[in-house]
Every structure is written in C-alpha cells, then in structure tokens.
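Chemist: First, the structure itself, so that you have it in front of you.
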Amino acid sequence: MTEPTPNPHEVEVEVEVEVDVVIVGAGAGGLLAACELAAGGLSVRVLESRSRSGGRLLSTTHDHMGVDLGATWFWPSEPMINQLVQKLDIATHSQHIAGDAMYHDRPESQRLDGNPLDVPSGRFSKGADHLTTALADLLPTGTVSFDSPVDEISVGETSASVRFGGTGIRCSHVVVAVPPALAVDAIAFTPPLPDSVASLCAATPVWMGTTTKVAAIYPRAFWRDNGLSGSAISHLGPMREIHDMSGPHGSPAVLFGFAPHTAELTETAVTDQLAEIFGPDAGAPTKVIVQNWQQERWTTPAGAEHLTDYQTYGHRLFQSPVLHGRLHWASTETSPHAPGHIEGALAAGRRAATTIRTTLDPSHEQRDTHA
C-alpha cells in the first residue's frame with residue numbers, strides 16, 4: 001500500500017493541547033487580546049517568558065503604593081485605557097505638575113517659571129502593572145503560562161503551532177504581543193516571515209528598550225515645599241529628564257529620571273545630580289532603584305541601541321496578519337494610535353482580537369465582548 005504524501009501546508013507538532021488562539025507575551029496588548037477573545041467564546045493560551053505579567057509595565061511596592069520602573073503615565077486623550085481603568089476599578093491619581101521646573105546646566109541650575117515639561121496625566125496608584133494583573137485575573141485559570149519562552153512558530157494553511165519548552169500547542173491563530181525586533185531575534189518562524197515584514201521587524205526600535213529608569217525614594221516630597229514640581233531637564237547627566245513620581249498626596253515621595261544606555265549610573269552619580277538640581281535633601285534618598293531595560297532579555301534584543309527609525313511604529317505592514325493570515329502583531333510598536341504608550345499596546349491587542357474574531361466568527365460585530 002502506498003503511504004499518503006504529507007501535506008506541506010499542515011503543521012506537525014507534538015501537541016500538548018489545542019486552542020483557538022495562542023498569544024505570545026502577557027503585557028497589556030497580549031492580555032487585552034486574550035480577554036476579548038475569551039469573552040467572545042474562543043479558547044486562548046497566553047505564553048509569557050517571564051515569571052510575571054506586565055512586560056514593560058513593572059512596579060515595585062513602597063508604603064503599599066506602586067513605584068513604576070517601566071511605563072508610568074496615561075493621558076486624558078486616550079479613551080481605551082481610561083475606559084479600562086474605570087471598568088476594572090483600578091485606583092489612579094493625577095500626575096503632580098504644580099510648581100516650577102529646573103534646568104540643570106553649567107555654571108549652575110536654574111529655576112524656570114512654571115513647569116513646561118509636564119502635562120495633565122494619570123498614574124496607577126498601586127503601580128502600572130496592576131493593570132495587567134487585573135486583566136490576567138479576568139481570564140480562566142490556567143490561561144497564562146509563565147516561564148514559557150517561545151522557540152518557534154509554525155504556520156500552515158489550516159492551522160498553526162507554537163513550540164515552547166520542548167512541547168507545543170496547536171491553534172488557528174497566533175498573536176505576537178512582544179516587540180517585533182525581539183520576536184524575530186528570539187523566535188524561529190516556519191515558513192519564514194515575508195522579507196518585507198522580517199526587515200521591518202528587525203529595524204523597529206524597542207520602546208524603552210535602551211532606556212534606564214532611576215527612582216529615588218524619600219521620606220517626604222520636600223521639593224513641593226519649595227514650590228517645585230519635581231521636573232527637570234539636565235544637560236549634565238546621568239539622568240537627562242526627571243519627574244515627580246510620588247504616590248497619592250505625595251506618598252511615597254519619589255523622584256524618577258530617564259537615562260540613556262550610555263550613562264554611567266552609580267548611586268553616587270544619581271544622588272549627586274539630584275542634589276545639584278534640587279538641593280542637599282535630594283542627595284539623601286532612603287532608596288535608589290535602577291531599572292536598565294537594555295539588560296532585560298525578554299524585552300530588548302542585542303544591538304537594539306542601533307535601532308533608531310521610529311517612523312516604523314504603526315507601519316501599515318503591522319496592521320494585517322501574515323503567513324496565511326494566521327500571525328498577528330499586538331505590541332505597542334505596531335499601533336498607529338499612541339505607539340509607545342500603554343494605549344498603543346491596548347489598541348494593537350484589540351486590533352488583533354477583532355481581526356481574529358471576524359475570521360473565526362463573522363457575526364462577532366453584533367456582540368459587545370470588549371473586556
């Protein structure tokens with residue numbers, strides 16, 4: 001008897017389970033996509049390389065409030081995140097912007113009249129990653145698998161598979177909710193991505209990927225007593241931009257700054273700079289936290305400092321699925337709306353979920369299943 005000829009368009013994989021959709025990455029975009037797909041009656045599995053959700057939403061707790069080491073703000077003009085925090089009943093407060101800003105340069109720091117650096121924005125009182133924790137809690141138990149870095153995504157005409165940790169999941173669609181440059185660096189795609197898409201992914205900068213964020217925690221927000229907003233621009237470094245990141249009513253009291261990947265960031269350099277700008281009290285924080293996103297292997301691939309073309313954000317090629325229409329993009333870099341913001345990640349996640357639901361159930365638009 002002649003054996004049947006294998007179908008090259010089908011995916012062979014040692015299957016652990018079968019679901020409708022596999023989502024790579026448990027950040028804001030991936031988790032919103034998961035919630036909206038699950039609410040629409042589809043089975044979903046989220047694979048996250050880290051042992052936590054959130055991705056670039058990362059917070060630590062101080063005095064029962066959050067100190068953000070990644071994404072921090074959201075703005076009144078961003079409807080998705082504002083609606084979501086209300087729906088999920090997430091505690092927020094307004095960014096402190098009252099007071100004067102500082103300009104740090106030689107021969108001495110200068111006090112500016114007012115604060116031209118900040119605009120009204122919102123903050124997550126318990127930390128930005130409280131948003132992704134709340135989204136994950138909406139999903140059925142076992143939906144999110146941590147410590148599960150994806151090795152390979154294989155796509156055929158009628159199905160796809162995702163390999164991780166020596167096993168795999170068969171599915172109908174895959175959502176890649178990690179930075180495109182990381183995806184093409186860490187994941188093997190079979191068949192290969194179209195050349196135009198692969199080149200675009202490899203050239204797209206990772207938002208915050210080469211940034212270091214520094215948080216200095218104090219007993220009280222002394223700068224406010226002096227009529228300062230806590231904001232500053234520095235031409236001397238190591239931090240180039242500084243803001244007040246205190247909690248509600250100034251507690252915990254925190255100043256934070258952004259530093260480029262080339263900065264030499266020692267605690268002494270940080271405290272000396274803050275003291276030069278805000279006075280001697282700023283030189284004695286109770287704690288200094290340094291979060292270098294370039295060293296986060298599940299955020300930033302090697303060589304990301306050379307990716308500088310931010311015009312790739314929201315590119316038209318990210319708006320449509322590839323590989324038989326089964327591979328979708330859902331990181332903030334892929335969104336034409338608010339790219340680089342949490343709002344951008346949510347918009348990308350919703351776009352992917354809507355496309356998949358339209359494909360699997362064309363009648364979905366008649367139902368409101370938004371998380």
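The values are calculated or read from the model by the stated rules, or taken from the named source; none is laboratory data. All values derive from a computational prediction rather than experimental measurement. Note that each Cβ is placed from the backbone with ideal geometry, even for glycine, and that neighbours are counted across all protein chains shown.
Chemist: Looking at this structure, is Gly209 closer than 30 Å to Ala302 by Cα, under 28 Å from the mean Cα position of the chain (by Cα), small (Gly, Ala, Ser) and in a loop (DSSP other than H, G, I, E, B)?
Modeler: It is true that Gly209 is closer than 30 Å to Ala302 by Cα, under 28 Å from the mean Cα position of the chain (by Cα), small (Gly, Ala, Ser) and in a loop (DSSP other than H, G, I, E, B).
Chemist: Within the range 301-312, is even one residue in a loop (DSSP other than H, G, I, E, B), under 30 Å from Arg351 (Cβ atoms) and free of Cβ contacts under 8 Å to residues at least 60 places away in the same chain?
Modeler: Within the range 301-312, one or more residues are in a loop (DSSP other than H, G, I, E, B), under 30 Å from Arg351 (Cβ atoms) and free of Cβ contacts under 8 Å to residues at least 60 places away in the same chain.
Chemist: Among the strands (runs of 3 or more DSSP E) confined wholly to the range 93-157, which include 1 or more residues that are touching a helix residue (DSSP H, G or I) at 6+ places or on another chain (Cβ under 7 Å) and among the hydrophobic types (A, V, I, L, M, F, W, C)?
Modeler: 100-104, 122-124
Chemist: So Pro336 passes all but one of these: (1) within 28 Å of Pro238 (Cβ to Cβ); (2) not in a helix (DSSP H, G or I). Which condition number does it fail?
Modeler: In the conditions (1) within 28 Å of Pro238 (Cβ to Cβ); (2) not in a helix (DSSP H, G or I), Pro336 misses (1) alone.
Chemist: Separate question: Starting from residues that are touching a residue at least 60 places away in the same chain (Cβ under 8 Å) and touching a Lys or Arg at 6+ places or on another chain (Cβ under 9 Å), keep the ones in the range 246-256 and report whichever is farthest from Lys287 (Cα to Cα).
Modeler: For the range 246-256, the residue satisfying everything is Pro248.
Chemist: Further question on the same structure: Anything in the range 55-84 that is in a loop (DSSP other than H, G, I, E, B) and at pLDDT below 95? List them, or say none.
Modeler: Passing the criteria: Asp63, His64.
Chemist: Of all residues in the range 158-183, which are surrounded by fewer than 16 Cβ atoms within 10 Å (Cβ to Cβ) and part of a loop (DSSP other than H, G, I, E, B)?
Modeler: Within the range 158-183, Thr158, Gly165, Gly166 meet the criteria.
Chemist: Additional query: Just to be sure I understand the filter: pairs with C-beta atoms under 6 Å, separated by 6 or more residues or on different chains, first member in the range 349-361 and among the basic types (Lys, Arg), second member assigned to a helix (DSSP H, G or I). Which pairs pass?
Modeler: Correct list of pairs: Arg357/His364.
Chemist: Of all residues in the range 217-244, which are among the small types (Gly, Ala, Ser) and farther than 14 Å from Gly279 by Cα?
Modeler: Ser234, Gly237 - these are the residues of the range 217-244 that are among the small types (Gly, Ala, Ser) and farther than 14 Å from Gly279 by Cα.
Chemist: Identify, by number, the condition in (1) under 20 Å from the mean Cα position of the chain (by Cα); (2) of a type outside the set (Ser, Thr, Tyr); (3) surrounded by 16 or more Cβ atoms within 10 Å (Cβ to Cβ) that Leu274 doesn't meet.
Modeler: Result: Leu274 fails condition (1) only.
Chemist: Collect the residues in the range 212-245 that are farther than 11 Å from Asp281 by Cβ, basic (Lys, Arg) and more than 24 Å from the chain's Cα centre (by Cα), keeping them in residue-number order.
Modeler: If the condition is that a residue be farther than 11 Å from Asp281 by Cβ, basic (Lys, Arg) and more than 24 Å from the chain's Cα centre (by Cα), then Arg224 is the only one that fits.
Chemist: Please indicate, with yes or no, whether at least one residue in the range 63-72 is within 20 Å of Ile23 (Cβ to Cβ), of a type in the set (Ser, Thr, Tyr) and out of contact with any strand residue (DSSP E or B) (no Cβ under 6 Å at 6 or more places or on another chain).
Modeler: No, the range 63-72 has no match at all.
Chemist: Any residue at all in the range 303-310 that's more than 25 Å from the chain's Cα centre (by Cα) and at negative phi?
Modeler: Within the range 303-310, not a single residue is more than 25 Å from the chain's Cα centre (by Cα) and at negative phi.
Chemist: May I pose another question? When Thr359 is evaluated against the numbered criteria (1) assigned to a helix (DSSP H, G or I); (2) of a type in the set (Val, Ile, Thr); (3) closer than 19 Å to Val46 by Cα, which criterion, by number, is the only one it fails?
Modeler: (3)
Chemist: From the list Ala136, Ala186, exactly one residue is crowded, with 18+ Cβ neighbours inside 10 Å and of a type outside the set (Phe, Trp, Tyr). Which is it?
Modeler: Just one listed residue meets the conditions, Ala136.
Chemist: Does any residue of the range 94-114 turn out to be at pLDDT below 95, in contact with a Pro (Cβ under 9 Å, 6 or more places away or on another chain), surrounded by fewer than 16 Cβ atoms within 10 Å (Cβ to Cβ) and of a type in the set (D, E, K, R)?
Modeler: Taking every residue of the range 94-114 in turn, none turns out to be at pLDDT below 95, in contact with a Pro (Cβ under 9 Å, 6 or more places away or on another chain), surrounded by fewer than 16 Cβ atoms within 10 Å (Cβ to Cβ) and of a type in the set (D, E, K, R).
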